Amino acid sequence: MRKAEIERVTKETQIKISVSLDEKGKADIDTGVGFFDHMLTALSVHSGISMTVKVKGDLHVDCHHTIEDTGIALGLALGQALGTKSGIVRYGTAYIPMDESLAMASLDLSNRPFLVFNCDFTNQSCGDYDLCMTEEFFRAFAFNSGMTLHINLLYGSNDHHKAEAVYKAVAHALKTAVTENKDGSTLSTKGVL
């Protein structure tokens, strides 16, 4: 079974995360940031990756450390659950509409971390979630899992819808990429990732 558990403790955050790539997207999320919990639940359910995410962060400062450090730990957990990344489809791309918004995500579980993030938000926040932290979360998630990740928000007007379309697009691209291939081979001309 492709599973991992990560505990990460700093002076700013205490994080415990477990993931299972094969348990149909059961989400148990509590970060202390309501909108972020909503986005991580969407990421879990739509990717089919079960996640337990428990975070205590320095929210008296702001949400930055909580969200970025969750991205770090979740990326580490995903990378650990994937192991050598052999036997998976590796690539995934998804376009996801959310009412008037449309987002696209394309990723490669390549062990070559990179993020391209083309998303503009109108407001500063949704609830207690700073929208600028969307990029920070995905950068931490991509770099710590060894993922090349491109995210493009094509259009939209409601920031809640725009952010949700982004998280769900990444989720659906990830669902494809972590799918096991038929012969267990490594999809690389090098033979390894």
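Taking region 5-55 only, how many residues are basic (Lys, Arg) and surrounded by 15 or more Cβ atoms within 10 Å (Cβ to Cβ)?
Start the filter on region 5-55 by keeping residues that are basic (Lys, Arg), which leaves 8, 11, 16, 24, 26, 54.
Imposing the further condition that a residue be surrounded by 15 or more Cβ atoms within 10 Å (Cβ to Cβ) reduces the set to 8, 16, 54.
Number of matching residues: 3.
Just one residue in the set 62, 58, 30 is touching a Lys or Arg at 6+ places or on another chain (Cβ under 9 Å), among the acidic types (Asp, Glu) and over 18 Å from residue 167 (Cα atoms); that residue is 58. Looking only at residues that are of a type in the set (A, V, I, L, M) and buried (at least 19 other Cβ atoms within 10 Å of the Cβ) in region 96-125, which one is farthest from the chain's Cα centre (by Cα)? Out of the qualifying residues, it is 98. Evaluated against (1) farther than 12 Å from residue 73 by Cα; (2) at pLDDT 95 or above; (3) out of contact with any helix residue (DSSP H, G or I) (no Cβ under 8 Å at 6 or more places or on another chain); (4) not polar (S, T, N, Q), residue 54 falls short on exactly one condition, (1). Only a single item in (1) at pLDDT 95 or above; (2) out of contact with any Ser or Thr (no Cβ under 6 Å at 6 or more places or on another chain) is not met by residue 93, and it is number (2). Can you tell me which residue among 189, 134 is assigned to a loop (DSSP other than H, G, I, E, B) and either within 25 Å of residue 65 (Cα to Cα) or at pLDDT below 95 (or both)? None of the others qualify; the one that does is 189. Taking the criterion of being over 16 Å from the mean Cα position of the chain (by Cα), in a strand (DSSP E or B) and either acidic (Asp, Glu) or within 15 Å of residue 175 (Cα to Cα) (or both), the only residue of region 4-51 that qualifies is 7.
For (1) touching a strand residue (DSSP E or B) at 6+ places or on another chain (Cβ under 6 Å); (2) among the hydroxyl-bearing types (Ser, Thr, Tyr); (3) farther than 26 Å from residue 30 by Cβ, each residue gets a yes or a no:
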residue: 119; (1), (2), (3): yes, no, no
residue: 122; (1), (2), (3): no, yes, yes
residue: 134; (1), (2), (3): no, yes, no
residue: 142; (1), (2), (3): yes, no, no
residue: 149; (1), (2), (3): yes, no, no
residue: 183; (1), (2), (3): no, no, yes
residue: 190; (1), (2), (3): no, no, yes
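Count, please, the residues in region 52-75 that happen to be assigned to a loop (DSSP other than H, G, I, E, B) and either within 14 Å of residue 37 (Cα to Cα) or hydrophobic (A, V, I, L, M, F, W, C) (or both).
Taking region 52-75 and keeping what is assigned to a loop (DSSP other than H, G, I, E, B), we get 58-63.
After this cut, where a residue has to be either within 14 Å of residue 37 (Cα to Cα) or hydrophobic (A, V, I, L, M, F, W, C) (or both) as well, the list is 59, 61, 63.
Total meeting the criteria: 3.
The values are calculated or read from the model by the stated rules, or taken from the named source; none is laboratory data. Only a predicted model underlies this, so the values are computations on that prediction, with no experimental measurement involved. Methodologically, a virtual Cβ is constructed for each residue, glycine included, from the backbone with ideal geometry; neighbour enumeration extends over all protein chains shown.
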